[in-house]
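Taken together, the values in this text are just the output of simple stated rules run on the coordinates, not laboratory data. What you see is a predicted model, and the numbers here were worked out from it, not measured in a lab. We place every Cβ from the backbone using ideal geometry, glycine too, and count neighbours over all the protein chains shown.
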Amino acid sequence: MRDYLESIYATFLFDRKTMGLTFFVPIVMFGLSLLLILLVPREQNGIYNNIIIIQGVFIPFSCWCLMYRLSEMYEEGAQETLVPYYSKRFGIDFFRYFIINIIGVFLLCTAFVVKYGMSSLSALNVIHFIILVLFYMFFGTSLIVLIKNIEISLTIIIIYTVLEVVTLGEFMPWPHIFLFQPPVWDPFLLRKFVILLITVIALMFTTVIFIRRADRKPQ
Amino acid sequence: MIRVSGVKKRFRKYQILSDVTLEMEGIYGLVGPNGAGKTTLMKILSSLISLDEGIIEINGENYVKGRYVKANHLIGYLPQDFMVYPQISVVETLDHIAIMQGMLNKKERARAIREAIDKVNLAGHENKKMMELSGGMRKRVGIAQLLMRKPSILIFDEPTAGLDIEERIRFRNLLKNLGSEHTVIISSHIVEDIEFLCTKIGILKSGRVLFEGTPAELKAHAEGYVWEYHVSPEELDYIMVEKEVIQLLEEEDGVNVRVFAKEGEEGAKQVAPRLIDGYLAVVRGVN
């Protein structure tokens, strides 16, 4: 177990080295979300806006580091060597970043609860956050294994997220994954959760299938 | 030994490999012109791409499962352009790859890295960044990462492509050394790459096997087809245009020109064929 944990730690250090400063972007987004929750006075900041901050500022960046990691496979001269290793280790890589993201979500939820009280945060919101983290992580990994380009993949994610948050999910004719109103357990919310979960599963299979198929054209 | 039997591969409307059957052992050279299907076959063996039909046996056991060869633990593949983690040092790159190979114990990793670095003569370069290495050194890092997982078969795709003469010689010696402990398969379109190195040779052209045998058997295909002319530098231009020149050798009083032809003309003397002559004879269907 000690060896395992040490190797996980070494992999995080390695990711930090390969990514450089971009490694810290999700941490900056976490800090920004935390500051907004803690420092903005209650009266200027509708309580539910804080939930939107967690959904729209922190969670979309949960895919960031994993996408950068997978993008290393598609750099020139690396595919044939790294694809077999990365595809075999995808589960471990996914899990280590998932745990970090969930810790981030729970810290932000704790800050929220400390400021506004326990009754302000619904369990449905917490479940939704976890599913959203899964969604973004698999959305990011699917894009990177399909497009094989980090810039285009990140652009798609950022455009989707910004448009959703800015229009509060009311403008674009595509599936809306955020909750912009305090959740009430009704058929509408149930439908949203089911669709989100099905999408997560579909994206997971897309990643697992296509991660092994990097540039398999014969030469 | 790897026995490849009846392997076929089609990509869209192109038949890349047609019923390829080979027996690879020792230090094996797979040669052929560009587009012959060599890299495709190497990638099939390394389970990077699928095959449509055929059997791949390693020491008598068929390793084709579904449409892929599942022998990653036995086969290590070094692609033509090996480059990973340009900003990271050699030792950090190898350490990370060792973790991905399943070596979780730090001491075990350090030992494996040391051994691999020594084997490929990279000592003294461990702390250089990958992007600071020459092409030959990068390839040696590629071999080092393969050696750490101890495969019994090593596959090299165009191993000397892009290397300067000195690196080419060094790399050839390294391949020779590796051949004493592993089955080594070298794919190349340059016959000189495999000369004096391989114990067995296969020739592919347009996805078909034209020849398989020892270097001596390959040379025998050109028996009677290689002629040597001794000409002055002034005559050289003419002969270069008129004849199929294989090799030039400068002498004090002129140039010795080796020519591939059915019959020699006046002044030509028949000489013993070299590997390249045998290759040309087979590829052109002369014999």
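When the alpha carbon gyration tensor of segment B:2-213 is reduced to an equivalent ellipsoid, the three semi-axes, largest first, read 29, 19, 15 Å.
What percent antiparallel are the DSSP beta bridges of the protein assembly as shown, to the nearest 5? Roughly 65 percent of the beta bridges in the protein assembly as shown run antiparallel, per DSSP.
Show log10 I(q)/I(0) for segment B:221-284 at q = 0.25 Å⁻¹, two decimals, from a solvent-free Debye sum over equal Cα scatterers. Results for segment B:221-284 at q = 0.25 Å⁻¹ read -1.06.
Considering segment B:135-225 at the alpha-carbon level, its Rg and Dmax are found to be 14.2, 47 Å. Indicate the gyration tensor shape class of the protein assembly as shown (rounded, prolate or oblate), computed on the Cα atoms with a ≥ b ≥ c the square roots of the eigenvalues: a/c under 1.5 is rounded; otherwise a/b larger than b/c is prolate and the rest oblate. Judged from the Cα gyration tensor, the protein assembly as shown comes out prolate (a/c at least 1.5, a/b above b/c). The simple Förster model, with R0 at 30 Å and r as the Cβ-Cβ distance, assigns residue A:92 and residue A:32 a FRET efficiency of 0.55.
Under Stokes-Einstein, with the Kirkwood radius over Cα pairs as Rh, the value for chain A at 20 °C and 1.002 mPa s is 116 µm²/s. Peptide A:73-82 has a mean of 6 when you count, residue by residue, the C-beta atoms of other protein chains within 10 Å of its C-beta.
Once both labels are positioned 7 Å from their Cα atoms along Cα-to-Cβ, the gap between residue A:194 and residue B:107 label points is 5.7 nm.
Take the Cα of residue A:49, step 7 Å toward its Cβ, do the same at residue A:6, and the gap between the two points is 5.0 nm. With 0.36 nm allotted per residue and the present C-alpha distance subtracted, the residue B:12-residue B:208 stretch has 68.8 nm of extension available.
With each label modelled as a point 7 angstrom along the Cα→C-beta vector, the residue A:16-residue A:213 pair spans 3.7 nm.
So if we plug the beta-carbon distance of residue B:241 and residue B:25 into 1/(1 + (r/R0)^6) with R0 = 41 Å, what FRET efficiency do we get, rounded to 0.05?
Calculated value: 0.45.
Peptide packing: for B:70-76, B:164-170, B:37-43, B:118-124, the average count of neighbouring Cβ atoms within 10 Å per residue gives the ranking B:37-43, B:70-76, B:118-124, B:164-170, highest mean first. In bins 5 Å wide, starting from 0, what share of all Cα pairs of segment B:1-86 does each bin hold, as a percent? Going out from 0 Å in 5 Å bins, segment B:1-86 shows 3, 13, 25, 27, 18, 9, 4, 1, 0 percent.
Compared with the alpha-carbon gap, the fully stretched path from residue B:65 to residue B:152 is longer by 29.4 nm at 0.36 nm per residue. A Förster distance of 25 Å, applied to the separation of the beta-carbon atoms of residue B:263 and residue B:216, puts the FRET efficiency at 0.55.
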